Amino acid sequence: METTVLLKELIKIKEKQSFQVKYLGCETVIKPGEEDVTSVMQNLTFVSKYLLKKVPYSNLQLSLRGIEIFDNARTGKSVLFPIDKIIYCAVDKSQSNVFCFVLYRRPMLECHVLSCKTKKCAKRLALELGVAFQRASQSKLKEEKSQEKHKLQTKSKYPWQQIKNTSKLEH
């Protein structure tokens, strides 16, 4: 029921969505799947709770470009994770306010783990990332089709037909 309500709200998605998150860290994974990312989420959550100082909240912006995390507390700089490099995302079942995404950076897979303020926020982030990914994919397909159509319009079977004659021949 809650997921259905969230999906209906996603229809109204803005260009950029903002979330307050704690960036818990990153580890490499062998494959993007529930088993691997669950262990990474649990490890990084444990480390952040018991071994690190209190992790400050950062601003995360989600758009068709990808996930951008701003380091508000330290430098004010941001890091962009391109949407076309994100191959998996999940919310931790045991700690439902923990969210992760897997990024493909040749030759590795990086699992980035974030803690949201609430479990609803983590679910919404995962759902909106899915919607942004679909919209970015559709946009890319439309662009590729448009480029292909343009190529077909300018390309001819006979090379002499590709040349446009702009001047008239005089006798």
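Measuring from label point to label point, each 7 Å out along Cα→Cβ, what is the Thr75 to Tyr50 span in nm?
In this crude label model, Thr75 to Tyr50 measures out at 3.1 nm.
With each label point set 7 Å from Cα along the Cα-Cβ vector, what nm distance links Lys119 and Gln20?
2.1 nm
Could you compute the net charge surrounding Glu34? Neighbours are other residues with a C-beta less than 12 Å from the C-beta of Glu34; K and R count +1, D and E count -1.
-1
Keeping all protein chains in position, work out how much accessible area Glu143 exposes to a 1.4 Å probe, and write it in Å² to the nearest 10.
The value for Glu143 is about 110 Å².
Keeping all protein chains in position, work out how much accessible area Ser78 exposes to a 1.4 Å probe, and write it in Å² to the nearest 10.
50 Å²
Could you tell me whether region 21-107 comes out rounded, prolate or oblate from its Cα gyration tensor? Rule is a ≥ b ≥ c as square roots of the eigenvalues, rounded for a/c under 1.5, then prolate if a/b exceeds b/c, otherwise oblate.
Because a/c hits 1.5 or more and a/b fails to exceed b/c, region 21-107 counts as oblate.
For Thr118, Thr75, write out the residues from largest to smallest accessible area, computed with a 1.4 angstrom probe and no ligands counted.
Reading off the accessible areas and sorting them downward yields Thr75, Thr118.
Got a sec to turn the phi values of region 32-41 into Karplus ³J(HN,Hα) couplings, 6.51 cos²θ - 1.76 cosθ + 1.60 with θ = phi - 60°, whole Hz, x for Gly and Pro?
Going residue by residue, I get x, x, 4, 4, 5, 6, 4, 5, 5, 4 Hz, with x marking Gly and Pro.
Could you sort out which of Lys22/Lys142; Lys85/Lys119; Lys31/Lys149; Lys31/Lys140; Lys54/Lys120; Lys77/Lys149 sit more than 30 Å apart by Cα distance in this structure?
Lys22/Lys142; Lys31/Lys149; Lys77/Lys149
Mind grabbing the accessible area of Asp71 for me, 1.4 Å probe, Å², rounded to tens?
Surface accessible to solvent at Asp71 totals approximately 40 Å².
Please arrange Thr38, Thr45, Thr28 by accessible surface area, largest first, computed with a 1.4 Å probe and ligands excluded.
Per-residue accessible area, sorted high to low, gives Thr28, Thr38, Thr45.
Under a 1.4 Å probe, what is the accessible area of region 97-142 per residue, stated in Å²?
Ligands and nucleic acids excluded, the figure is 51 Å² per residue.
The values are calculated or read from the model by the stated rules, or taken from the named source; none is laboratory data. Everything numeric here is computed off the predicted structure, so don't read it as measured data. Cβ coordinates were reconstructed from backbone atoms using ideal geometry, including for glycine residues, and neighbour counts include every protein chain displayed. For the accessible areas, the whole protein counts, side chains as well, though only heavy atoms, and no ligand, DNA or RNA atoms are used. Shrake-Rupley method; radii C 1.70, N 1.55, O 1.52, S 1.80 Å.
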